[in-house]
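First up is the structure itself, then whatever we jot down about it.
The values are calculated or read from the model by the stated rules, or taken from the named source; none is laboratory data. Just so we're clear, the structure is a prediction, and the values are computed from it rather than from any experiment. Virtual Cβ from ideal backbone geometry, glycine too; neighbours counted across all protein chains shown.
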Amino acid sequence: MTKADDRAPLALYRAYRPQEFKQVRGQEHVTSVLEAAVKQGKIAHAYLFAGGRGTGKTSMARILARALNTADEDVYEMDAASNRGIDEIRELREGVNTLPFSSTYKFYIIDEAHALTPAAWSAFLKTLEEPPAHAIFVLATTELDKVPETIISRCQVFAFNKPSHDTLKKLVLDVAKKEGTTIEPAGAELIALMGEGSFRDTLGILQKVLTISTDAKLTEAEVAKVVGAPRGEVVNEFLRALAAKDVAKAIEVSHDTDAKVFTLLAVAKIRAVLLMRFAPKMEAALAEQFGPDDVALLKELAGKDGAAINAAVLGELLTALIEISRAPLPHVALELALYRALA
């Protein structure tokens, strides 16, 4: 168990970590309940925050501690992934019974809680059943299914959503502006896409991108170079091959790329094609996401010339995107998707 410590050099995700409920993006269903609980003095003794990595679970825990006027010396953090045994829990149980130094509460944040051993859970259960009045626990986990039901039943559970693409894009543009840099909307779009639903990963990518800026202006091409994404024209050529049902050309175009990144970008553009075809009112919004050349092609493929690009193709590529991470040869998953969709 270690005390909460913010003295380490600040990465962007730390520098722009929300400090108040009103600064939290995309988790209004959580902040509204917790704010009300604080105002009404109806604080639970145990919370369980569940959701994907980088969705703001530990940040929310710290905000709750701050909202309760808990001093840093009374906030304790434990990484269960590296402190997962019964000895660490016994230490926690012994410490929890002592009074806070200068606050109303002693506030415990247990990250990656699902990693605790069965013996550790058993030891912790007694504390959750009969906690001292001054103790509050927040358990954070990316794998709720691995947390015992006996623990879940004794906590208020909050499910953290992955931030939307638009939320991440706005975050990129806002933080870049605060850092004195402007990014082309298409570049911010790419960073948000590569962040894959994680605030932390998105800001980590942005930090790398900002290091190459020499004139405080970043183009889509400069962003793509940093994140290892193929040029937009390469993905567009892939879409043209799909429209022509040219499996050989599609494989050739995608061959020398990072399979996961390439497929992710292709999926985003195929989705845009289908939205333009079936929900034409979305065109204005999509025009903000892609450059003019991309928009022209997407509109063209949304017509009869792109009829081969359909929901079945999108479904196959989504499956490939999931399988790529597990495949020993990542491009095999993409190639199989093309065979099934176009052959």
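A few notes on this one:
- Checking Ala36 against (1) touching a strand residue (DSSP E or B) at 6+ places or on another chain (Cβ under 9 Å); (2) in a helix (DSSP H, G or I); (3) of a type outside the set (Asp, Glu), the condition it does not meet: (1)
- Only listed residue being more than 21 Å from Val261 (Cβ to Cβ) and more than 19 Å from the chain's Cα centre (by Cα), chosen from Ala120, Ala224: Ala120
- For segment 55-78, the count of residues that are in contact with a Gly (Cβ under 7 Å, 6 or more places away or on another chain), under 20 Å from Gln156 (Cα atoms) and not in a loop (DSSP other than H, G, I, E, B) is at least one.
- Subset of segment 10-55 [of a type in the set (Val, Ile, Thr) and in contact with a Pro (Cβ under 6 Å, 6 or more places away or on another chain)]: Val24
- Any hit, segment 242-258, residues being over 23 Å from Ala343 (Cβ atoms), of a type in the set (S, T, N, Q) and either buried (at least 16 other Cβ atoms within 10 Å of the Cβ) or without any contact (Cβ under 8 Å) to a residue 40 or more places away in the chain (or both): no
- Selected residue (criterion: modelled with the highest pLDDT) from residues of segment 1-26 that are hydroxyl-bearing (Ser, Thr, Tyr) and closer than 24 Å to Ala80 by Cα: Tyr13
- Set Ala81, Ala44: member being closer than 24 Å to Leu125 by Cα, in contact (Cβ under 8 Å) with a residue 40 or more places away in the chain, small (Gly, Ala, Ser) and surrounded by fewer than 16 Cβ atoms within 10 Å (Cβ to Cβ): Ala44
- Annotation note: of Ala120, Ala140, Ala133, the sole residue that is touching a Leu at 6+ places or on another chain (Cβ under 9 Å) and not assigned by TED's automatic domain parsing to the domain that holds Gly197 is Ala140.
- Near pairs, Cβ below 8 angstrom, 6+ apart or cross-chain, from segment 322-342 (in a loop (DSSP other than H, G, I, E, B)) to any residue that is surrounded by 12 or more Cβ atoms within 10 Å (Cβ to Cβ) and not aliphatic (A, V, I, L, M): Ser325/Lys260
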